[in-house]
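For reference, the structure is listed below as structure tokens.
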Amino acid sequence: MKRALLGLAATSLVLSPAAARDRGPGSGYANPSAVIAAELAFARLAQEKGQWTAFRATAAREAVMFEPQMVLADQWLKGRADPAKAVAWQVHQVWSSCDGTLAVTRGAWQGQGDATGYFTTVWQRQKDGKYKWIADQGEPLPMALDAPEMIVAKVADCPPGYRGKSPKQAKVPAAPFDPAHRSGRSDDGTLTWDVAVAPNTARRFVVTMAGSGGPVTVQDLQIDPPAQ
């Protein structure tokens, strides 16, 4: 689960050389700034309107969460009352596909008392150019993550000959929900994510992006089942 907020607006953004292609919404290129803005708005909404209210308002169709088993977010969140105090979170890193249709964020969260941890969120660009999350996970840590001086944004290498528009993808009917596995990819195939959940709820969450020498794994998270 996730995380909580503020003090982020003053954080600087460092773009990798490829990330300098940030062209704005709907351009057909990466837009890390828009993804970070979506995280900031998400965190702010949680503080202002309530934690689960914010999750419902920002989730894409077919979004998944881990409780700790994988669940469809709309079903798990339906009618769920907001906690008295929302968690807080801050984004530290963002990875984006070349075409900007998919991005992954990572950062820190703080909960009640001294509870702290990290989160990973997968963001999907919608037809209107805005981002909604399609997968969200967060886990506790024994010590808080150090806050970076700047948010780091990295963008996948574009496919050869890419000119701001990915080839049309054939429409594939949505597969039935499988609580043991879920994956996704950007329209241009330069960023992918894959999560496998074992019967004991242990899971592996892998994010891969295109690099100059081929696919590069930017995250390979192994999450143990909750302690009994």
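On inspection, residue 175 qualifies as modelled with pLDDT under 90, part of a loop (DSSP other than H, G, I, E, B) and either touching a Cys at 6+ places or on another chain (Cβ under 7 Å) or at negative phi (or both).
Note on the stretch 36-123: enclosed strands (runs of 3 or more DSSP E) holding 2 or more residues that are aromatic (Phe, Trp, Tyr) are 88-96.
Applying the condition of being among the aliphatic types (A, V, I, L, M) and under 13 Å from residue 130 (Cβ atoms) to the stretch 41-80 and asking which residue is surrounded by the most Cβ atoms within 10 Å (Cβ to Cβ) yields 59. Summed over the stretch 101-124, residues that are touching a Lys or Arg at 6+ places or on another chain (Cβ under 9 Å) and in contact (Cβ under 8 Å) with a residue 60 or more places away in the chain total 14. Answer yes if at least one residue in the stretch 138-156 is under 20 Å from residue 71 (Cβ atoms), touching an Asp or Glu at 6+ places or on another chain (Cβ under 9 Å) and part of a loop (DSSP other than H, G, I, E, B), and no otherwise. Scanning the stretch 138-156 turns up no residue that is under 20 Å from residue 71 (Cβ atoms), touching an Asp or Glu at 6+ places or on another chain (Cβ under 9 Å) and part of a loop (DSSP other than H, G, I, E, B).
Residues of the stretch 120-130 include none that is surrounded by 20 or more Cβ atoms within 10 Å (Cβ to Cβ) and out of contact with any strand residue (DSSP E or B) (no Cβ under 9 Å at 6 or more places or on another chain). Counting only strands (runs of 3 or more DSSP E) that sit wholly inside the stretch 181-228, those with at least 2 residues that are surrounded by 20 or more Cβ atoms within 10 Å (Cβ to Cβ) and out of contact with any His (no Cβ under 8 Å at 6 or more places or on another chain) are 191-197, 203-211. Return the total of residues in the stretch 50-70 being more than 18 Å from residue 125 (Cα to Cα) and either among the small types (Gly, Ala, Ser) or under 16 Å from the mean Cα position of the chain (by Cα) (or both). Residues meeting the conditions: 4.
The values are calculated or read from the model by the stated rules, or taken from the named source; none is laboratory data. Keep in mind it's a predicted model, so treat the numbers as computed, not measured. Ideal geometry is used to build each Cβ from the backbone, glycine not excepted, and the neighbour counts take in all protein chains shown.
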